[in-house]
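Student: Next up is a structure, given as structure tokens.
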């Protein structure tokens, strides 16, 4: 009998990976809110994708309707929604359940472990360019998405390999990683740098990099993020740092961060999880981060104004 998978949310990330796995025959159920439930019942879960379109009739459940534990919980909510999500999926967590979070930053690992026990929580991260359109369809663009999962201690275990095999399907690559925390830090450096560049300057990578001091500014932000990662014990490899720098200093790139896009829409942002927590860790390790401090202040003012 195959593993039962609960995908928390059916948005641009969880919806994509969950739909791909369901279309491959895996036992997938989506935990959704009532509004999304009605939308998906009417329209189906539709992927518009550079690697092939698909529409499925998803198996769904709402909070309060979970009956018994699942084997794997794939968690892909926004970091600021973690507490509410944990309350919703808690009845799905049994003694053998493994939780694979795809949230940004690192602090969610401790929060999940405190709630459900360290043994239940794996490391996980993903790379995907996707969004929900006005009709609720998931639109994916760019290169083949990738999902990485692994034991947080870096051990190569049969359980980790089995989970990676289960969390697989056409339309994305699955990696069983023995250095998943490094993978997560690598992504955190990228997201924090990109978010700082876009949010502070209110523009795309191209908007900033094409200005006389733009590339120097971007490189200074990357240096602060990478220095914090190194001080915490997760230095970026040379090739990773080089590719991050190249990506964030292109003069012909329309790339922006999701945090910046949310900010433009006056929506909640993952400011404390992506920027604030990185600044906190920099202080612990006495790493100077004047540009990250400025981003943190900027976003704290934004959040205060939203709640005023």
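The values are calculated or read from the model by the stated rules, or taken from the named source; none is laboratory data. Since the model is a prediction, treat every value here as computed from it, not as a measurement. Note: ideal-geometry Cβ built from the backbone for every residue, glycine included; neighbour counts use all protein chains shown.
Student: Can you name the number of the only condition in (1) in contact with a helix residue (DSSP H, G or I) (Cβ under 9 Å, 6 or more places away or on another chain); (2) on the phi < 0 side of the Ramachandran plot that residue 212 fails?
Tutor: Exception for residue 212: condition (1).
Student: Which of the residues spanning segment 105-120 are in contact with a helix residue (DSSP H, G or I) (Cβ under 8 Å, 6 or more places away or on another chain) and outside any helix (DSSP H, G or I)?
Tutor: 105, 106
Student: Residue check: is residue 146 part of a loop (DSSP other than H, G, I, E, B) and either assigned by TED's automatic domain parsing to the domain that holds residue 289 or modelled with pLDDT of 95 or more (or both)?
Tutor: Considered against the rule, which asks whether it is part of a loop (DSSP other than H, G, I, E, B) and either assigned by TED's automatic domain parsing to the domain that holds residue 289 or modelled with pLDDT of 95 or more (or both), residue 146 comes out as no.
Student: When only residues in segment 163-187 that are out of contact with any strand residue (DSSP E or B) (no Cβ under 9 Å at 6 or more places or on another chain) and part of a helix (DSSP H, G or I) count, which is surrounded by the most Cβ atoms within 10 Å (Cβ to Cβ)?
Tutor: Residue satisfying both the conditions and the ranking: 185.
Student: For segment 246-284, what are the residues that are surrounded by fewer than 22 Cβ atoms within 10 Å (Cβ to Cβ) and in a loop (DSSP other than H, G, I, E, B)?
Tutor: Listed by number, the residues that qualify are 249, 250, 251, 252, 253, 254, 255, 256, 265, 266, 267, 268.
Student: Could I ask something else about it? Sort through 226, 192, 213, 218 and tell me the only one that's surrounded by fewer than 18 Cβ atoms within 10 Å (Cβ to Cβ), in the same structural domain as residue 248 (by TED's automatic domain parsing) and modelled with pLDDT of 95 or more. Step through it out loud before you land on a result.
Tutor: On the way: 226 fails: surrounded by fewer than 18 Cβ atoms within 10 Å (Cβ to Cβ); 192 fails: surrounded by fewer than 18 Cβ atoms within 10 Å (Cβ to Cβ); 218 fails: surrounded by fewer than 18 Cβ atoms within 10 Å (Cβ to Cβ).
From the options 226, 192, 213, 218, the qualifying one is 213.
Student: Quick one: is residue 206 in a helix (DSSP H, G or I), farther than 30 Å from residue 19 by Cβ and touching a residue at least 60 places away in the same chain (Cβ under 8 Å)?
Tutor: Working: in a helix (DSSP H, G or I): yes; farther than 30 Å from residue 19 by Cβ: yes; touching a residue at least 60 places away in the same chain (Cβ under 8 Å): no.
Here the answer is no, as residue 206 does not meet what is asked.
Student: Working only within segment 151-162, note down all residues that are more than 13 Å from residue 119 (Cβ to Cβ) and part of a helix (DSSP H, G or I). Explain how you work it out, then say what you get.
Tutor: As a first pass, look at segment 151-162 and keep what is more than 13 Å from residue 119 (Cβ to Cβ): 154, 156, 158, 161-162.
If the condition is that a residue be more than 13 Å from residue 119 (Cβ to Cβ) and part of a helix (DSSP H, G or I), then 158, 161, 162 are the ones that fit.
Student: Those residues that are more than 21 Å from residue 100 (Cβ to Cβ), in contact (Cβ under 8 Å) with a residue 24 or more places away in the chain and part of a helix (DSSP H, G or I), I need them from segment 37-86; list them, please.
Tutor: Result: 37, 39, 40, 43.
Student: Another one. In the set 102, 82, which member is assigned by TED's automatic domain parsing to the domain that holds residue 141, touching a helix residue (DSSP H, G or I) at 6+ places or on another chain (Cβ under 6 Å), closer than 26 Å to residue 113 by Cβ and buried (at least 18 other Cβ atoms within 10 Å of the Cβ)?
Tutor: 82
Student: Only one of 226, 230 is in a helix (DSSP H, G or I) and in contact with a helix residue (DSSP H, G or I) (Cβ under 6 Å, 6 or more places away or on another chain); which?
Tutor: None of the others qualify; the one that does is 226.
Student: For residues that are surrounded by fewer than 12 Cβ atoms within 10 Å (Cβ to Cβ) and free of Cβ contacts under 8 Å to residues at least 60 places away in the same chain, scanning just segment 289-308, find the one that is nearest to residue 185 (Cα to Cα). Please lay out each step first, then the result.
Tutor: Start the filter on segment 289-308 by keeping residues that are surrounded by fewer than 12 Cβ atoms within 10 Å (Cβ to Cβ), which leaves 290, 301, 304-305, 307-308.
Okay, now just the ones that are also free of Cβ contacts under 8 Å to residues at least 60 places away in the same chain, so 301, 304-305, 307-308.
On the way: 301: 26, 304: 28, 305: 30, 307: 30, 308: 33 Å.
So the residue we want is 301.
Student: Go over the candidates 95, 91 one by one and state the one that is without any contact (Cβ under 8 Å) to a residue 40 or more places away in the chain, in a loop (DSSP other than H, G, I, E, B) and more than 21 Å from the chain's Cα centre (by Cα). Give the steps one after another, and end with the answer.
Tutor: Working: 91 fails: in a loop (DSSP other than H, G, I, E, B).
One residue alone meets the criteria, 95.
Student: Just give me the residues in segment 158-170 being over 18 Å from residue 73 (Cβ atoms) and modelled with pLDDT under 95, in sequence order.
Tutor: 170
Student: Give the residues of segment 14-28 that are part of a strand (DSSP E or B) and either in contact with a helix residue (DSSP H, G or I) (Cβ under 8 Å, 6 or more places away or on another chain) or buried (at least 20 other Cβ atoms within 10 Å of the Cβ) (or both), sorted by residue number.
Tutor: Of segment 14-28, the ones part of a strand (DSSP E or B) are 27-28.
Answer for segment 14-28, where residues must be part of a strand (DSSP E or B) and either in contact with a helix residue (DSSP H, G or I) (Cβ under 8 Å, 6 or more places away or on another chain) or buried (at least 20 other Cβ atoms within 10 Å of the Cβ) (or both): just 28.
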